[in-house]
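First up is the structure itself, then whatever we jot down about it.
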Amino acid sequence: MRTVASARQGTILGHPKGLYVLFFTELWERFSFYGMKTLLVLYMLNCFFWSQEKASSLLGWYAALAYGLPVVGGFIADHYLGAKRAVVLGAILLSAGHILMAVEAMPAFYTALGLIIAGVGLLKPNVSTQVGALYKPGDPRRDGAFTIFYMGINLGALAGPLLCDWLKDNYGYHVGFAAAGVGMILGLIVYVIGQRILVEFRQDIPAEEGQEGGIPTAESQPQHPPHVVRDRIIVLLVVFAFVILFWTAFEQSPNAMLVWADKHTNLRLASTEPPPVTLDELTAKADGEQEGRVPTSANWFRDPKVGSGQTQSFNPFFIIALAPLFAFLWVWLDKRKAQPSTPTKMVLGLVGVALAFGVMWPAAHLENGASSAPLAAVPSPLAVDEEGFVYGRDDDSDAAERVYYGAKRLRYDAASQTLQMSGVLVDLDRFRLLAQTAPEEFVAEVERFAEQTAEERPGDDGVTALLEHAPEGLGPVEIKEVEGRDRKTIVSWDPETKELTAFAEINKRARAEFLAAAAEPAFKRAVDRVYLDSSDFRVSVWWLIGFYLVLTMGELCLSPVGLSLVTKLAPPKHVGLFMGGWFLATAIAEKLAQVFGAYWGKMPPLDYFFIFVVMCGVGALLMALLVRSLKRMMHGVQ
């Protein structure tokens, strides 16, 4: 039996073949997870036309459950399914969920998210568990195996946003989502084919004293005095609190920082001049390209740029590039007896996040430039508050809450009769702002027709409605899908016949775009002028590159050492419980991050970034003050 197992096990580069099965399985799982996560918020904002608050709320629950359910998935595997069957089932659920994201229907969207959450919960903890189980207890190759395994995680996280965002720009969001599903199917195929070489060793049965590979079990380890156990648990609880703070700031990346990249950033790598914004009837694209705008490879080399979603690859790229340097640094310092303690490294992690948002502060200052246009008066139902800021109503809420535009930076100066904007007026705010001023009877006609298209689901022949209350001067309008090489026409307006033809359901965004075309003429001219002029204040993508460089350095100080600290400080019989506590802290942080994310667009970016500079700076200071006490309470654990 030993000979057969050894033959099945085999090695590549000194490690069991099974390690590379798990490497590629996790690579494709992370490819699909991060590829989909890159598209999610922009999909909700740009296609569903959801508010920032609503999109952030859903992202928060999705991410919190995706990071929290692995605790449940580990329990199910341990007591019912076993690790291998849990991974297979999880991969099937993930594949189905990602493929379902390609279906353009709201029930399919919510079902897909549920399947992905359940799939992550089953797959993620049990793949990691199997890495350790490939080695006998005490095998010195185990740490190196996890290094190789985590490289797969980051390669997947690097490739997912690059490819899925490119597909989104070229062929639409749903193709990008489908690519994430294909990636997960590849991971499932790799795992199923490679299962036979996943030879596992029992980790809970120690060899007898002196036998090869023997390690002490929890029962055989020395029992620490109650005060030592108590102190170490207190240290872990303190660490969890600061971990929540760290990840709350870090996880602005897939929401606020992604929206910043999409709406406020010049994504050209070799030019400080943003591409011009063009107004093609209603649809404003900030990439400066018209129909057939997908760049060729030759054009890319002449004017290199990245997609907004591709900026999500900066972090895994820097992890891959910097992790070996940090590993060398810690060893070099340790040889000189100067390696920082784990609590000190966590202080450095919080300082890194604070400095990363500090990098964005001057970028936000540059973005905050002024633009203006003449306007005799702000039309109703819009209004101006006591400080001159323009606000309107929320069509999705019964509450009388004021909705401000341009991150509460759009104002009207009655004395000079000018509409003024500080910073970039984004396309979504432009549509909402203008749509508010369309004639009420015309709005009612459009709403009735939109409801009709939702019921009838028009095909290629289209469905037509006569709009008798269309305002004079409303010219031809054609509204297309948001992204893709050959964008399908959703609605077409013929001013001569006053007929609106729909070739698909008129969703919220298409409705707002069409109503924006019918806005009060003088107000529309002013808003369009501000929109065009303010686009010049989009800042260089190199600010984001600097942000992710510093952020990753902070992550490398805190994240790898945190899990290791849990295994060292937790009581031997309860290591699993405290590992669950680590993941629970991460899940809480994911939700808290998007509580903050809901305020993006409600305050100037300057103020938003400054919140995290202060929050993480104060957190680092508090942690620094506790370092000496924490080291003492660790009772010799390094």
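The values are calculated or read from the model by the stated rules, or taken from the named source; none is laboratory data. Since we're looking at a predicted model, the values are computed, not measured. Here the Cβ is made from the backbone with ideal geometry for all residues, glycine too, and neighbour counts use every protein chain on show. Surface accessibility is based on the protein's heavy atoms, side chains included, excluding ligands, DNA and RNA. Shrake-Rupley method; radii C 1.70, N 1.55, O 1.52, S 1.80 Å.
Checked against the criterion of being in a strand (DSSP E or B), open to solvent by less than 30 Å² (accessible area, probe 1.4 Å) and at pLDDT 95 or above, the range 529-539 contains one or more residues that satisfy it. Scan the range 563-612 for residues that are at pLDDT 90 or above, under 21 Å from Val239 (Cα atoms) and either open to solvent by 40 Å² or more (accessible area, probe 1.4 Å) or aromatic (Phe, Trp, Tyr) (or both) and the total you get is 4.
Tell me which residues, restricted to the range 586-606, are among the polar types (S, T, N, Q) and closer than 13 Å to Val243 by Cβ.
Correct list: Thr586 only.
The single residue among Val403, Val378 that is touching a strand residue (DSSP E or B) at 6+ places or on another chain (Cβ under 8 Å), without any contact (Cβ under 8 Å) to a residue 60 or more places away in the chain and open to solvent by 20 Å² or more (accessible area, probe 1.4 Å) turns out to be Val403.
Among the residues of the range 480-521, the ones that are open to solvent by 20 Å² or more (accessible area, probe 1.4 Å) and assigned to a loop (DSSP other than H, G, I, E, B) come to 16 in all. In the range 437-468, which residues are closer than 14 Å to Ser492 by Cβ and assigned to a helix (DSSP H, G or I)? Within the range 437-468, Val446, Phe449, Thr453 meet the criteria. Of all residues in the range 443-467, those being more than 15 Å from Glu104 (Cβ to Cβ) and modelled with pLDDT under 90 number 5. Of all the listed residues (Tyr173, Tyr191, Tyr135), the sole one being among the aromatic types (Phe, Trp, Tyr), modelled with pLDDT of 90 or more and open to solvent by less than 30 Å² (accessible area, probe 1.4 Å) is Tyr173. Looking across Leu606, Leu622, one residue alone is touching a His at 6+ places or on another chain (Cβ under 8 Å) and more than 16 Å from Val229 (Cα to Cα). It is Leu606. When Phe23, Phe49, Phe33 are checked against the criterion of being in a loop (DSSP other than H, G, I, E, B) and crowded, with 19+ Cβ neighbours inside 10 Å, a single residue qualifies: Phe49. Against the conditions (1) open to solvent by 30 Å² or more (accessible area, probe 1.4 Å); (2) touching a residue at least 12 places away in the same chain (Cβ under 8 Å), Glu472 satisfies every one except (2). Counting the residues of the range 237-252 that are open to solvent by 10 Å² or more (accessible area, probe 1.4 Å) and either of a type in the set (Gly, Ala, Ser) or not in a loop (DSSP other than H, G, I, E, B) (or both) gives 9. With the condition kept exactly as written, say whether any residue in the range 391-400 is among the small types (Gly, Ala, Ser) and touching a residue at least 60 places away in the same chain (Cβ under 8 Å). No, the range 391-400 contains no residue that is among the small types (Gly, Ala, Ser) and touching a residue at least 60 places away in the same chain (Cβ under 8 Å). For the range 253-279, what are the residues that are at pLDDT 80 or above and outside any loop (DSSP other than H, G, I, E, B)? Result: Ala256, Met257, Leu258, Val259, Trp260, Ala261, Asp262, Lys263, His264, Thr265, Asn266, Arg268.
Just one of the listed residues (Leu322, Leu282) is aliphatic (A, V, I, L, M), open to solvent by less than 50 Å² (accessible area, probe 1.4 Å) and either closer than 26 Å to Pro560 by Cβ or at pLDDT 80 or above (or both), and it is Leu322. Within the range 398-431, the set of residues being part of a helix (DSSP H, G or I) and farther than 26 Å from His365 by Cβ comprises just one member, Phe431. Selection of first residues in the range 174-193 that are at positive phi and of second residues that are among the hydrophobic types (A, V, I, L, M, F, W, C) and open to solvent by 50 Å² or more (accessible area, probe 1.4 Å), restricted to Cβ pairs under 7 Å at least 6 apart or on distinct chains, gives an empty result.
Scanning the range 92-110 for residues that are within 30 Å of Val403 (Cα to Cα), in a helix (DSSP H, G or I) and open to solvent by 60 Å² or more (accessible area, probe 1.4 Å) returns Met106, Pro107, Tyr110.
Taken over the range 462-499, the residue count meeting the criterion of being farther than 19 Å from Ala435 by Cα, under 37 Å from the mean Cα position of the chain (by Cα) and charged (D, E, K, R) is 5.
Would you mind stating whether Leu466 is touching a residue at least 60 places away in the same chain (Cβ under 8 Å) and either within 23 Å of Leu42 (Cβ to Cβ) or surrounded by fewer than 15 Cβ atoms within 10 Å (Cβ to Cβ) (or both)?
Here the answer is no, as Leu466 does not meet what is asked.
Within the range 66-91, being in contact (Cβ under 8 Å) with a residue 60 or more places away in the chain, within 23 Å of the chain's Cα centre (by Cα) and open to solvent by 50 Å² or more (accessible area, probe 1.4 Å) holds for one residue alone: Val71. In the range 340-372, of all residues being farther than 18 Å from Val239 by Cβ and assigned to a loop (DSSP other than H, G, I, E, B), the one that is least open to solvent (accessible area, probe 1.4 Å) corresponds to Gly369.
Scanning the range 385-400 for residues that are open to solvent by 60 Å² or more (accessible area, probe 1.4 Å), modelled with pLDDT of 90 or more and not acidic (Asp, Glu) yields a count of 0. For the range 437-450, the set of residues classified as in contact (Cβ under 8 Å) with a residue 60 or more places away in the chain, touching an Asp or Glu at 6+ places or on another chain (Cβ under 9 Å) and open to solvent by 20 Å² or more (accessible area, probe 1.4 Å) consists of Pro439 only.
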